[in-house]
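**Q** For reference, the structure I am asking about is given below.
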4 protein chains.
Amino acid sequence: MSKTIRENDSVVLMDGKGNRILLTVESGIKKVKDLGVYDPGDLIGANYYQQITIGNKKFMIMAPSISDKITAIERKAQIILPKDGMFIIFYCDIKSGDKVIEGGAGSGALTILLANSVRPKGKIISYEKRDEFIKIAKKNLIRAGLNEHVNIVKKDVTENIKEKNVDAVILDIPNPWDAIDNAFCALKSGGHVASYSPTVNQVEKTVKKMRECGFSGIKTLETLQREMVVGERGVRPSFNVLGHTGYVSFARKVS
Amino acid sequence: MSKTIRENDSVVLMDGKGNRILLTVESGIKKVKDLGVYDPGDLIGANYYQQITIGNKKFMIMAPSISDKITAIERKAQIILPKDGMFIIFYCDIKSGDKVIEGGAGSGALTILLANSVRPKGKIISYEKRDEFIKIAKKNLIRAGLNEHVNIVKKDVTENIKEKNVDAVILDIPNPWDAIDNAFCALKSGGHVASYSPTVNQVEKTVKKMRECGFSGIKTLETLQREMVVGERGVRPSFNVLGHTGYVSFARKVS
Amino acid sequence: MSKTIRENDSVVLMDGKGNRILLTVESGIKKVKDLGVYDPGDLIGANYYQQITIGNKKFMIMAPSISDKITAIERKAQIILPKDGMFIIFYCDIKSGDKVIEGGAGSGALTILLANSVRPKGKIISYEKRDEFIKIAKKNLIRAGLNEHVNIVKKDVTENIKEKNVDAVILDIPNPWDAIDNAFCALKSGGHVASYSPTVNQVEKTVKKMRECGFSGIKTLETLQREMVVGERGVRPSFNVLGHTGYVSFARKVS
Amino acid sequence: MSKTIRENDSVVLMDGKGNRILLTVESGIKKVKDLGVYDPGDLIGANYYQQITIGNKKFMIMAPSISDKITAIERKAQIILPKDGMFIIFYCDIKSGDKVIEGGAGSGALTILLANSVRPKGKIISYEKRDEFIKIAKKNLIRAGLNEHVNIVKKDVTENIKEKNVDAVILDIPNPWDAIDNAFCALKSGGHVASYSPTVNQVEKTVKKMRECGFSGIKTLETLQREMVVGERGVRPSFNVLGHTGYVSFARKVS
């Protein structure tokens, strides 16, 4: 039943306190954050869900969940959180085999969610014009074991989308209204567009552009999450709450 | 590029106002809700995203999105909404190929989301002890074109889970604490459990049972959604808001 | 200890189910909503918190609370709810003896809250340009027993505020930015302004105008409320939730 | 028009950045937080809303608003915030002249709000059994200039309430259910009780006790607040959000 770890797997090492370290199983000594100097190649041949000792600390070797992969990413700028990303996947009907354009890879957090949803045969084409984000997104995708499902292209999604007949276009850029025409042309009939923005003004401009363009079923949603704490003295919502992230506007091309 | 409609496809007919009718393309005259007496077999051979006229009304024939499928289900009792269901899929790491136990099929809304996520090769085994819900869930799954990915078994998930080494167990029953031991036994190492409950008291009892059982990473979340309306006179949150649905408690088996 | 009912008192009649009827004790047979044909003068000389029988129904005679008074008002257009109104009173430091300008009486709901806070010696001067609202606000104030603390003047608050050195100016009009200059002139040093608006665009325009005008401590808040239901099967948030009402922007004149 | 500062006044000194220092005008050199060594008696005879220079910093002398008074209090343990306190005042119909029992003074934040609402002739009787809280609440009340409207008595509200015929009883203690009988006896007919608790379990136990006791109109509310930020790049909800504080359960004695 137990699976063996092979070169290039992504694995999670969890210590007794539940702290997790996500790493790629490549041979060669390196410095690993929260672990120190280590050769991940030592894990090859071990079994998943087996305990190992590194230094004087015990770890469980786990297969990373999608949540582990998102939690572990290196961030530059704010990422799209799963509470927003999962609803994009639902509302844009993203599924195994789809071809999806992403406008703005950023740190690659949403890219990871999208890649996870279209695999094994689908593809994410991610337009990103900034070199430092191309680099960080790629690094995060590789560590998440999802890089083969993504093409990051160094282009500005507001200028042109070369692909045609795509299943969905997802925008996370400061000026999404400038990419709505391109999205309409790139989408297949029945395809979906989604745009993520922090401010109400961006929402207004984007939605008006979607209407002009002839999109249907336009809708803007905000998703909020609260944790409930089950404690000794009873149950209550958490004193620490996640503040505003962004609004997501959705639409469908039906003509 | 345009796909042809074949017998047994699920299709959506959308009128000019955006109203949608989900139906299965089976030959034979029948009464269709919001459409009247009609033979869906007439659609065979037409193309998706083509316009047709039925009676004196025009419709666009569309491939149903997962959102169309959920919206169209026949409800008996409250369903788990996508805002909650999608987060279950994320947090339980449900993906193509997984084997998932569902405790309580209800009307099949979550079953549809789950089946959509594990296809083409994964499987949902749904325990449901009430005949009327088995019937309605099956009907909804067939209409959504996802029945082949689901086995509904007439059994009580609190009594026994026969399957072993499953990827996830999802509970939507009034007494989830009675199924937590069974879930632990059925799960593979690294597998996830989620439990959906409307009341805080159910959350407290379930979380305490999860702790007793040795589950890790226990966490309870409530997800809220607000629509933003972009109108003539400006942008504002909707005056109509979705009230409380339920809390979801998550945990992982790591030992 | 028990107080006697006198002519012109405002009283509440509460039936066994908790339904409440607010009426003014004036002699003369009239049609009373939810009660039928009745002479409220019959109550004169009875005691508060005594039971009486009208027709074949039993009622408790109660002194109306501020909440009873707000609940009973006749509405034309949306009112400012206590959750928003009470926070205006707090943040604008409105207290016994204050002189407050209200721009837009509407149905008088906020006027009632304000009048209740400044009595016995303070005064609300309410600018309202629409005759039908002057009429309805006055009717509601009389029924609430608070009319003596309010002057409704038929004027547009965006044109001119005659009063000087007032403690606070509260705006509930579609174009509050047009009244911000007038508010600044009318306020004493240390005085407060508040503006209630449903849309984000109104908030933006108003806040920018407040900044231009030299107001300090500008802040915009949205207040949300959720009811918790304690039921047989446990405690949960209500399935029925109040949607969006409005944002309130606050500022203080300190120069 | 401008008022002169007298001995024992509470004043606010505001610097150019809007930072505020609340102090009592008592002669004598002392160390003032955020100001250094200073004799507040130097302010006697100056005018409100006049600028002064202390050290090399400029300040505006202001009359403190109720919001300034709450913001400035010294805290020991969590306080009841104005968003919750103002709704207690509304729902319990607390007004000028009322006699109100407070069970648990804590740091005195709610006591300040209540005292501000019942003045000039009403009275707050605050039961507090812990010496350190009696001390801190008194200190905060004096600095807020509201101490004369409050009697803090060193007693446990769950043991006995000596007063009769009071207008309202407000509870902020860990076991409010133990004080509900006492509250019922102390209240006049038509009087109100409110109980503030952080956990759902406390709410459940308190509401059940209120029902047993024969209270009417029992209702539990949670109040949430979000700030909107009007920035250069548009308007959005704040990234920093206030987490959970507490639930308030309300009821009225009508029999």
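The values are calculated or read from the model by the stated rules, or taken from the named source; none is laboratory data. Please read these numbers as outputs of a predicted model, since none were measured by experiment. For neighbour counting, all protein chains shown are included, and Cβ atoms are generated from backbone atoms with ideal geometry for every residue, glycine included.
**Q** Filter the range A:16-33 down to residues that are at pLDDT below 90 and either of a type in the set (Gly, Ala, Ser) or exposed (fewer than 10 other Cβ atoms within 10 Å of the Cβ) (or both), then give me how many there are.
**A** Number satisfying all stated conditions: 3.
**Q** Something else: Considering A:Gly97, A:Gly28, which residue is in contact with a Lys or Arg (Cβ under 7 Å, 6 or more places away or on another chain), farther than 23 Å from A:Gly246 by Cβ and either among the basic types (Lys, Arg) or part of a loop (DSSP other than H, G, I, E, B) (or both)? Before the answer, list the steps.
**A** On the way: A:Gly28 fails: in contact with a Lys or Arg (Cβ under 7 Å, 6 or more places away or on another chain).
Going through A:Gly97, A:Gly28 in turn, just one is in contact with a Lys or Arg (Cβ under 7 Å, 6 or more places away or on another chain), farther than 23 Å from A:Gly246 by Cβ and either among the basic types (Lys, Arg) or part of a loop (DSSP other than H, G, I, E, B) (or both): A:Gly97.
**Q** Among (1) under 18 Å from the mean Cα position of the chain (by Cα); (2) more than 14 Å from D:Lys253 (Cα to Cα), which single condition is D:Ile170 missing?
**A** D:Ile170 satisfies all of (1) under 18 Å from the mean Cα position of the chain (by Cα); (2) more than 14 Å from D:Lys253 (Cα to Cα) except (2).
**Q** What is the number of the single condition among (1) within 20 Å of C:Ile94 (Cβ to Cβ); (2) within 7 Å of another protein chain (Cβ to nearest Cβ); (3) surrounded by fewer than 21 Cβ atoms within 10 Å (Cβ to Cβ); (4) in contact with a helix residue (DSSP H, G or I) (Cβ under 9 Å, 6 or more places away or on another chain) that C:Ile218 does not meet?
**A** All conditions pass for C:Ile218, except number (2).
**Q** Looking at (1) more than 10 Å from every other protein chain (Cβ to nearest Cβ); (2) more than 15 Å from D:Met86 (Cα to Cα), which is the one condition that is false for C:Leu114?
**A** (2)
**Q** Can I ask one more? Quick one: how many residues across the range B:243-255 are in contact (Cβ under 8 Å) with a residue 24 or more places away in the chain and either facing chain C (nearest Cβ under 9 Å) or polar (S, T, N, Q) (or both)?
**A** Qualifying residue count, the range B:243-255: 6.
**Q** Looking at C:Tyr49 and the list (1) more than 30 Å from C:Val153 (Cβ to Cβ); (2) assigned to a helix (DSSP H, G or I), which single condition is not satisfied?
**A** So the condition that C:Tyr49 fails would be (2).
**Q** Restricting to the range D:239-253, name every residue that is part of a strand (DSSP E or B) and either farther than 16 Å from D:His192 by Cβ or basic (Lys, Arg) (or both).
**A** Taking the range D:239-253 and keeping what is part of a strand (DSSP E or B), we get D:247-252.
D:Tyr247, D:Arg252, listed by residue number.
**Q** Mind counting the residues in the range C:156-180 that are within 17 Å of C:Thr111 (Cβ to Cβ), among the charged types (D, E, K, R) and within 14 Å of chain D (Cβ to nearest Cβ)?
**A** 2
**Q** I'd like the full set of residues that are part of a strand (DSSP E or B) and either at pLDDT below 95 or among the acidic types (Asp, Glu) (or both), limited to the range A:211-223.
**A** Here is the first cut: in the range A:211-223, the ones part of a strand (DSSP E or B) are A:216-223.
Answer for the range A:211-223, where residues must be part of a strand (DSSP E or B) and either at pLDDT below 95 or among the acidic types (Asp, Glu) (or both): A:Ser216, A:Gly217, A:Glu222.
**Q** Another question, then. Can you tell me which of A:Lys76, A:Lys69 is of a type in the set (D, E, K, R), part of a loop (DSSP other than H, G, I, E, B) and in contact with a helix residue (DSSP H, G or I) (Cβ under 9 Å, 6 or more places away or on another chain)?
**A** Details: A:Lys69 fails: part of a loop (DSSP other than H, G, I, E, B).
Just a single option satisfies the conditions, and that option is A:Lys76.
**Q** Taking the residues in the range C:30-57 that are out of contact with any Gly (no Cβ under 9 Å at 6 or more places or on another chain) and β-branched (Val, Ile, Thr) as candidates, determine which candidate is farthest from the other protein chains (Cβ to nearest Cβ). Walk me through it before giving the result.
**A** First pass over the range C:30-57, keeping only residues out of contact with any Gly (no Cβ under 9 Å at 6 or more places or on another chain): C:30-34, C:37, C:42-47, C:50-53, C:56.
Remaining after also requiring β-branched (Val, Ile, Thr): C:32, C:37, C:44, C:52-53.
Numbers: C:Val32: 21, C:Val37: 26, C:Ile44: 19, C:Ile52: 14, C:Thr53: 17 Å.
Ranking the qualifying residues of the range C:30-57, first place goes to C:Val37.
**Q** If we keep just the residues of the range B:224-238 that are assigned to a loop (DSSP other than H, G, I, E, B) and at the interface with chain C (Cβ under 9 Å from one of its Cβ atoms), which is nearest to C:Lys205 (Cα to Cα)? Spell out how you get there, then give the answer.
**A** Our first condition is that a residue be assigned to a loop (DSSP other than H, G, I, E, B); within the range B:224-238, this holds for B:232-233, B:238.
Those still in the list that are at the interface with chain C (Cβ under 9 Å from one of its Cβ atoms) too: B:233, B:238.
Details: B:Arg233: 13, B:Ser238: 20 Å.
The extreme case among them is B:Arg233.
**Q** Here's another thing I want to ask about it. Across the range C:181-193, which residue is farthest from the other protein chains (Cβ to nearest Cβ) among those that are over 18 Å from C:Phe87 (Cβ atoms) and in a strand (DSSP E or B)?
**A** Residues of the range C:181-193 that are over 18 Å from C:Phe87 (Cβ atoms), as a first pass: C:181-190.
Of the ones still in play, those that are also in a strand (DSSP E or B) are C:187-190.
Numbers: C:Leu187: 11, C:Lys188: 8, C:Ser189: 4, C:Gly190: 5 Å.
Across the range C:181-193, the extreme among qualifying residues is C:Leu187.
**Q** With D:Phe87, D:Phe59 as the choices, which residue is surrounded by 13 or more Cβ atoms within 10 Å (Cβ to Cβ) and in the same structural domain as D:His192 (by TED's automatic domain parsing)? Explain how you work it out, then say what you get.
**A** On the way: D:Phe59 fails: in the same structural domain as D:His192 (by TED's automatic domain parsing).
That would be D:Phe87, the only listed residue that is surrounded by 13 or more Cβ atoms within 10 Å (Cβ to Cβ) and in the same structural domain as D:His192 (by TED's automatic domain parsing).
**Q** So which of A:Ile94, A:Ile142, A:Ile101, A:Ile88 is more than 14 Å from every other protein chain (Cβ to nearest Cβ) and either more than 22 Å from A:Thr24 (Cβ to Cβ) or among the basic types (Lys, Arg) (or both)? Steps first, answer last, please.
**A** Details: A:Ile94 fails: more than 14 Å from every other protein chain (Cβ to nearest Cβ); A:Ile142 fails: either more than 22 Å from A:Thr24 (Cβ to Cβ) or among the basic types (Lys, Arg) (or both); A:Ile88 fails: more than 14 Å from every other protein chain (Cβ to nearest Cβ).
After applying the criteria, what remains is A:Ile101.
**Q** Looking at (1) in contact with a Lys or Arg (Cβ under 8 Å, 6 or more places away or on another chain); (2) exposed (fewer than 14 other Cβ atoms within 10 Å of the Cβ); (3) at pLDDT 90 or above; (4) under 29 Å from C:Lys164 (Cβ atoms), which one does D:Thr4 not meet, given that it meets all the others?
**A** The one condition D:Thr4 does not meet is (1).
**Q** Let me ask something additional. Among residues belonging to the range C:120-145 that are out of contact with any Gly (no Cβ under 9 Å at 6 or more places or on another chain) and closer than 20 Å to C:Ser65 by Cβ, point out the one that is surrounded by the most Cβ atoms within 10 Å (Cβ to Cβ).
**A** C:Ile124
**Q** When you scan the range B:194-213, how many residues do you find that are away from every other protein chain (no Cβ under 13 Å) and within 23 Å of B:Thr111 (Cβ to Cβ)? Quick ask: steps written out before the conclusion?
**A** Quick first cut of the range B:194-213, residues away from every other protein chain (no Cβ under 13 Å) only: B:213.
Restricting the remaining residues to those that are within 23 Å of B:Thr111 (Cβ to Cβ) gives none.
Residues that pass the stated criteria total 0.
**Q** Looking at (1) in a loop (DSSP other than H, G, I, E, B); (2) over 24 Å from the mean Cα position of the chain (by Cα); (3) more than 19 Å from B:Pro237 (Cα to Cα), which is the one condition that is false for C:Lys155?
**A** Among (1) in a loop (DSSP other than H, G, I, E, B); (2) over 24 Å from the mean Cα position of the chain (by Cα); (3) more than 19 Å from B:Pro237 (Cα to Cα), the lone unmet condition for C:Lys155 is (2).
**Q** Which count do you get for residues in the range C:126-151 that are assigned to a strand (DSSP E or B) and either in contact (Cβ under 8 Å) with a residue 60 or more places away in the chain or in contact with an Asp or Glu (Cβ under 6 Å, 6 or more places away or on another chain) (or both)? If you could, list the steps in order and put the result at the bottom.
**A** Here is the first cut: in the range C:126-151, the residues assigned to a strand (DSSP E or B) are C:126-127, C:150-151.
Narrowing further to those that are either in contact (Cβ under 8 Å) with a residue 60 or more places away in the chain or in contact with an Asp or Glu (Cβ under 6 Å, 6 or more places away or on another chain) (or both): C:126.
Selection size over the range C:126-151: 1.
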